[in-house]
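Colleague: I have a structure here, written as structure tokens, and I will follow up with some questions on it.
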Amino acid sequence: MKYIFVTGGVISSLGKGLTAAALGTLLENRGLKVTLQKFDPYLNVDPGTMSPYQHGEVYVLDDGAETDLDLGHYERFTSVKLSRFNNLTSGQVYQTVLDKERRGDYLGKTVQVIPHVTDEIQNRIFQVGEKSNVDVVITEIGGTTGDIEGLPFLEAIREFALKVGYNNAIFVHMTYVPFIKAAGELKTKPTQQAVAKLREIGITPHILVCRCERSLDNELRQKISLFCNVPYEAVIEEKDVDHSIYELPLMLQRERVDDLVCKLLQLPQGVPNMSHWQEIIRKLIAPQHRVRVGVVGKYIDLNDAYKSVYEAIIHGGIANDCGVEIVKLDAEEIETQGAEKLLKGLGGVLVPGGFGERGIEGKIKAAQYARETKLPFLGLCLGMQIATIEFARNVLHLDKAHSTEFDVVTPHPVIALLDDQKDVSKKGGTMRLGAQPCQLKMGSKAAHYYGAFLINERHRHRYEFNNDYRERFEAAGFVFSGTSPDGKLVELIELPEHPYYLACQFHPEFQSKPHASHPLFRSFIAAAHTFIHHRAL
Ligand code: GLN
């Protein structure tokens, strides 16, 4: 088994996750089996309890793990299916170590960061490799070198590489080479210092990936090589992408980073087959069609909050050879300015998942506008609950219908807590989480789009459609097109009279890939394009 460790210096937000994922793409397309893993130095056990402002989206895996959004990149860029073992936080490490201490496993020893914490981290690297039975394990270390909390992870990977040997483990370090306008120059000093920081703890990077706005010339590459003690060919340029993050594997391939990795790790040489990836890029750069769709949320200024949703929309575009412009709409603005003003002219509107009351009425207005004007609508998780509340209030005339998440004394709790959620008091990891089967209704649009009757989709929510209202909804033409196999939980709803009005209790965005777009996003973008096209005729 071979190991690649990806670290980062100078600043955060360098795109380490994307770089690790793109490396995964290249190795996989050379026929190697890979898996990817993320270490996060913070003390939260997982990001499930963190605010989107702190952390961006929480990415959910099949097994119900609530993980860092980089795992979303890993799954989108490769064919790997990740599990809870692929995201390790300091919180988890300490929890394990302290549990062992209380059990007496350390037999009276003083429990210390080195070796007990670092051993636990190394165990996880071995464990992931063994469980996934792959050729290469890529491990990304979150944070920036020099952070105090990242030190145990760096110490752990230093020891790990020594144990397995440098033919089997390499360090890829990402840095930033800023362009200073006033001097008209790219500056290498931050990179030199970041690498020095790494060397201080005994890690010499084999490959340096330099994020930059402008190209590195030969002289600069030589300078970085000399002062950072990295061979010339291992100084890799990673310029900001022009169009899409999906260009990254091709950019890194042009820099021959995969050749170098294979050489260093004594893996079979060859050329990755990237033709399907090139086709994706072609469609992204020069699509045949174009459409604008709105996403109505409350974290609209925060790019990372709806990461997988935005990506899945783009994938839906790729499948339809359609460039999608995502119009980010603040739900509170719809509340004050009305839906028509903000949604008119769009090909479709999507209401993603969410928690908390802010912006809810704006989302309801958006759903109502879409239903009444036959604008394609896709609701995800909270989006399905919004569609339900809107229908209850405006079609069934159930005055003040609501979800008990937002109004505990509503006379019509059309969305409510399931019995097994009622006594839950702990916040972390207690929602309905992970992949669960869903049975689709024969003849429904959903079954048509999926081309299947039994699907598996990932969940992250507490509230559900309240079955006391099912008959009333059905009588008014609201179709429950997907339920749990026992029929008890509503998973998908649709309005057959509407060209495209679908909403699901699960999160389809977590299972969409650029080359295998999710059926709901594919059909949504197709409907959005048809909507605009017909209006134009
Ligand atoms: N807040 C809602 C619930 O808990 C929806 C959650 C979500 O959209 N992920 O049921």
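The values are calculated or read from the model by the stated rules, or taken from the named source; none is laboratory data. Nothing here was measured: the structure is a model prediction, and the numbers come from that model. In this analysis, Cβ positions are derived from the backbone assuming ideal geometry, glycine residues included, and neighbour counts consider all displayed protein chains. Accessible surface areas use protein heavy atoms only, side chains included; no ligands, DNA or RNA. Shrake-Rupley method; radii C 1.70, N 1.55, O 1.52, S 1.80 Å.
Colleague: Which one of these is modelled with pLDDT of 95 or more, hydrophobic (A, V, I, L, M, F, W, C) and closer than 18 Å to residue 492 by Cβ: 418, 375, 396, 454?
Modeller: So the residue among 418, 375, 396, 454 that is modelled with pLDDT of 95 or more, hydrophobic (A, V, I, L, M, F, W, C) and closer than 18 Å to residue 492 by Cβ is 454.
Colleague: Continuing with the same structure: Among the residues that make up the stretch 387-405, is at least one of them more than 23 Å from the chain's Cα centre (by Cα), within 12 Å of the ligand (Cβ to nearest atom) and surrounded by fewer than 23 Cβ atoms within 10 Å (Cβ to Cβ)?
Modeller: Yes.
Colleague: Would you mind stating whether residue 149 is more than 20 Å from residue 36 (Cα to Cα), in a helix (DSSP H, G or I) and acidic (Asp, Glu)?
Modeller: yes
Colleague: With the requirement that a residue be within 16 Å of the ligand (Cβ to nearest atom) and aromatic (Phe, Trp, Tyr), what does the stretch 470-510 give you?
Modeller: Correct list: 506, 510.
Colleague: How many of the residues in the stretch 351-376 are open to solvent by 20 Å² or more (accessible area, probe 1.4 Å), more than 16 Å from the ligand (Cβ to nearest atom) and in a loop (DSSP other than H, G, I, E, B)?
Modeller: Of the residues in that region, 1 qualify.
Colleague: Sticking with this structure for a sec: Under the condition of being outside any strand (DSSP E or B) and within 16 Å of the ligand (Cβ to nearest atom), which residue from the stretch 432-468 is nearest to residue 61 (Cα to Cα)?
Modeller: Among those residues, the one meeting the criterion is 462.
Colleague: Working carefully through the options 172, 93, find the one that is within 24 Å of residue 48 (Cβ to Cβ) and either open to solvent by less than 40 Å² (accessible area, probe 1.4 Å) or modelled with pLDDT of 95 or more (or both).
Modeller: That would be 93, the only listed residue that is within 24 Å of residue 48 (Cβ to Cβ) and either open to solvent by less than 40 Å² (accessible area, probe 1.4 Å) or modelled with pLDDT of 95 or more (or both).
Colleague: Using the structure shown, decide if residue 124 is open to solvent by 30 Å² or more (accessible area, probe 1.4 Å), under 23 Å from residue 154 (Cα atoms), in contact with an Asp or Glu (Cβ under 9 Å, 6 or more places away or on another chain) and of a type outside the set (Gly, Ala, Ser). Give the steps one after another, and end with the answer.
Modeller: Working: open to solvent by 30 Å² or more (accessible area, probe 1.4 Å): yes; under 23 Å from residue 154 (Cα atoms): yes; in contact with an Asp or Glu (Cβ under 9 Å, 6 or more places away or on another chain): no; of a type outside the set (Gly, Ala, Ser): yes.
No, not satisfied.
Colleague: Okay, next question. For the stretch 190-291, give me every one of the helices (runs of 4 or more DSSP H) that falls completely inside it and has 3 or more residues that are among the β-branched types (Val, Ile, Thr). Break it down into steps so the answer makes sense when it comes.
Modeller: Numbers: elements: 218-228, 248-254, 257-264, 275-285.
By residue number, 275-285.
Colleague: Under 6 Å between Cβ atoms, at least 6 apart or on separate chains: pull out the pairs that start in the stretch 401-412 with a residue that is of a type in the set (Phe, Trp, Tyr) and end on any residue that is within 14 Å of the ligand (Cβ to nearest atom) and open to solvent by 50 Å² or more (accessible area, probe 1.4 Å).
Modeller: Partner pairs satisfying both residue conditions: 406/357.
Colleague: Got a sec? Which of 324, 296 is outside any loop (DSSP other than H, G, I, E, B), buried (at least 20 other Cβ atoms within 10 Å of the Cβ) and more than 16 Å from the ligand (Cβ to nearest atom)?
Modeller: One residue alone meets the criteria, 324.
Colleague: Now a separate question. In the stretch 426-452, what count of residues is obtained for those that are open to solvent by 40 Å² or more (accessible area, probe 1.4 Å), over 22 Å from residue 525 (Cα atoms) and within 27 Å of the chain's Cα centre (by Cα)?
Modeller: 7
Colleague: Looking at the stretch 30-46, which of its residues are of a type outside the set (A, V, I, L, M, F, W, C) and either over 15 Å from the mean Cα position of the chain (by Cα) or under 19 Å from residue 18 (Cα atoms) (or both)?
Modeller: 30, 31, 33, 35, 37, 38, 40, 41, 42, 44
Colleague: Taking the stretch 47-88 as the region of interest, how many residues are crowded, with 21+ Cβ neighbours inside 10 Å, acidic (Asp, Glu) and in a loop (DSSP other than H, G, I, E, B)?
Modeller: 2
Colleague: Another question about this same structure. For residue 344, work out the one condition from (1) among the basic types (Lys, Arg); (2) within 16 Å of the ligand (Cβ to nearest atom); (3) surrounded by fewer than 21 Cβ atoms within 10 Å (Cβ to Cβ) it doesn't fulfil.
Modeller: Residue 344 satisfies every listed condition except (2).
Colleague: Sort out which residues of the stretch 363-380 are in contact with a strand residue (DSSP E or B) (Cβ under 7 Å, 6 or more places away or on another chain) and within 20 Å of residue 400 (Cβ to Cβ), and write them in order of number.
Modeller: Selection gives 363, 366, 367, 371.
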